[in-house]
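Since the structure comes first, as structure tokens, the remarks are kept for the end.
We did not get these values from a lab; they are worked out from the coordinates using the rules stated. Computed from a predicted model, the values in this text were never measured in an experiment. We place every Cβ from the backbone using ideal geometry, glycine too, and count neighbours over all the protein chains shown.
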Amino acid sequence: MRSRLATLIVVAIVGATFIVGLIVGAQRDDATGPVDLIVLNGNVYRADGTGGFAEALAVRGNKILRVGSNREIKRLAGRATETIDAHGAAVLPGFDDAHLHLVSGGLGLQQANLLDASTLDEIGAAIRAFAAAHPDRPWVLGRGWYYTPFPGGLPTRQQLDALVPDRPAYMRCYDGHTAWVNTRALQAAGVTRATPDPPGGVVVRDPANGEPTGVLKEAAQELVSKALPQWTRGDRLRAIRDAIAEAHKLGVTSVQNAGVDLPELELYDELLRKGELRLRLYNAISIEPPFSEADADRLDALWRKHPGDALIKTGAVKLMLDGVIESHTAVMLAPYANDPGTGLPDMDEATLDRIVAMMDRRGWQILIHAIGDGAVRESLDAFERAAAANRAPARGRRHRLEHVETVDPVDIPRFGRLGVLAVQQPFHGNPNPTQLQVWAANIGPERASRGWAQRSILDAGGRLAMGTDWPVVSFDPRFQINMAVNRTTPEGTPAGGWLPEQRLPLAAAIDAYTTGAAYASFDEQRKGQLSPGMLADIVILSADVFAMPPERFLDARVEVTIFDGRVVYRRAKP
């Protein structure tokens with residue numbers, strides 16, 4: 001009898017435990033049970049298209065569970081819940097940089113940084129200091145110099161010889177389209193007055209004697225870059241890790257790589273397997289002419305092998321169509337104001353049409369680097385012809401034009417009509433106090449006034465996404481948003497020549513860096529807004545930017561970055 005009673009008691013206890021487990025499980029599955037993290041006392045911008053705000057939000061696992069009032073969210077807290085007080089500051093979706101070069105940016109952290117050098121003296125000091133700090137390196141590498149500090153807009157090898165006399169030196173311009181090298185670098189690469197200009201590139205020469213001046217434009221950079229010491233796999237892995245840490249400091253939780261190759265994709269896969277990829281990646285694969293159906297078949301196989309998930313995905317290709325306005329290589333509809341040419345196209349119209357039609361037919365998203373108004377029109381024409389010839393893929397078309405620094409008014413409505421996204425980097429226009437002067441002088445005041453026509457594209461039914469193009473300019477999203485909202489330099493100087501009516505409201509600029517960027521990578525169903533069910537990628541600022549005067553936007557800093565439901569960065573207290 002006792003044995004039977006004991007058995008019944010055990011069964012009852014097990015049953016009760018099972019029922020309690022079911023209750024707890026049910027609590028974990030609904031919107032009222034305990035949560036892992038809550039953010040209180042914030043001005044939570046939902047970014048869901050309603051313009052709505054809330055006070056607080058709750059996170060369970062790696063997703064947002066609820067968004068609401070402090071009272072609603074506090075009720076969800078348990079003993080193990082992490083609570084973050086936003087102290088009245090803005091709470092935003094994690095920033096999504098819609099156009100950058102992650103490995104190049106990370107490698108740039110291992111080179112002389114010239115982005116903050118605005119004068120010849122500052123450039124010289126930065127290069128000398130880096131060379132002195134790395135006496136064992138066979139080459140001195142750097143990037144980020146601007147055109148304006150140099151007389152005539154371009155440096156010379158003699159200037160770099162004086163800074164680095166003992167070994168080759170190679171400095172890429174901030175825009176990545178021009179290289180400045182010293183005499184030893186030219187000698188190491190075998191570049192002389194007899195070296196012809198390569199297709200798509202220019203070796204700038206002294207008009208008096210034909211000798212290379214030390215400036216290499218576009219494809220001519222490869223004449224010397226091929227002689228550089230090669231970065232190792234370890235260097236590149238370190239670069240990615242460094243870049244991820246930098247992203248977290250700046251509130252960036254997703255990035256879109258505008259041009260990668262297979263070895264780079266393999267690096268990301270390795271970090272994913274190791275659990276170290278704490279950044280969401282959308283990778284556009286670089287392609288260039290000649291590009292055949294067989295090449296496309298190989299990319300199709302790669303896409304099938306790596307269909308992608310919430311951390312890493314592909315499905316896009318990147319084409320270069322022109323250069324940049326500062327070096328007269330962007331393709332314009334009419335000649336430059338101070339040069340008889342109209343730019344340096346990377347391919348002819350027939351080749352562009354063939355490649356665009358081929359990849360559109362296969363369902364790939366196509367990104368085209370198009371800075372000049374001529375390149376913008378050629379790209380839109382190619383997209384329009386492809387859409388007329390091919391059936392739309394199941395996921396739809398979201399082709400993109402990257403940069404769009406100038407555009408003819410006739411072409412502005414075509415973005416919305418064709419469903420083509422404009423992916424812009426407003427801070428490109430004036431990353432230092434004088435850079436815009438060169439840009440505007442090269443194309444003249446009328447075309448310059450249409451620079452970065454972001455508001456016109458939006459008003460005409462187009463979609464915007466924003467990024468940095470890092471390492472071209474700073475990785476910090478605030479500079480891009482500030483320029484889009486205020487059309488001024490970080491110092492507050494008006495961006496001369498730009499029409500002030502192109503300013504964006506703050507919410508629209510933040511949308512371009514969150515919801516707009518998520519749409520640009522086919523991810524709007526899982527990120528880019530602070531709504532229940534969305535991935536918990538969140539940035540908490542130091543102030544409520546929505547309550548501040550727009551011109552004070554840069555006063556706010558990133559306080560906390562939350563990635564995949566976990567805090568990955570907290571700003572150290574001063």
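Some points to look at:
- Ignoring aspartates and glutamates fewer than eight residues from Lys74 along the same chain, the ones with Cα atoms less than 19 angstrom from its Cα are Asp29, Asp30, Asp36, Glu55, Glu82, Asp85.
- Applying 0.36 nm per residue to the separation of Asp136 and Lys274 and subtracting their alpha-carbon distance, the gain on full extension is 46.5 nm.
- Gyration tensor verdict on segment 233-523 (Cα atoms; rounded if a/c is under 1.5, prolate if a/b is larger than b/c, oblate otherwise): oblate
- The chain: radius of gyration and largest Cα-Cα distance (Dmax), Å: 26.1, 114
- FRET efficiency estimate (nearest 0.05) - Cβ-Cβ, Asp348 to Phe150, R0 25 angstrom: 0.15
- Once the Kirkwood radius over Cα pairs is known for segment 226-314, the Stokes-Einstein relation at 20 °C and 1.002 mPa s delivers a diffusion coefficient of 149 µm²/s.
- Gain in span if fully extended, Arg566 to Ala129, counting 0.36 nm per residue against the direct Cα distance: 153.5 nm
- Rounded, prolate or oblate (a/c below 1.5 giving rounded, otherwise prolate when a/b exceeds b/c) for segment 373-513 by Cα gyration tensor: prolate
- The chain: antiparallel DSSP beta bridges as a percent of all, rounded to 5: 45
- Alpha-carbon centroids, segment 392-468 and segment 534-574: separation in whole Å: 27
- Our helix-only sum for the chain, with -39,500 (n - 2.57) per DSSP H run of n ≥ 4 divided by its residues, gives a mean residue ellipticity at 222 nm of -10000 deg cm²/dmol.
- Placing dummy labels 7 Å off each Cα toward the beta-carbon, the span from Ala388 to Thr232 is 5.5 nm.
- Bridging of Lys318 to lysines at a Cα separation below 29 Å is possible for Lys217, Lys226, Lys249, Lys274, Lys305, Lys527, once same-chain residues fewer than 8 apart are set aside.
- Gyration tensor (alpha-carbon) shape descriptor, segment 135-256, a/c threshold 1.5: prolate
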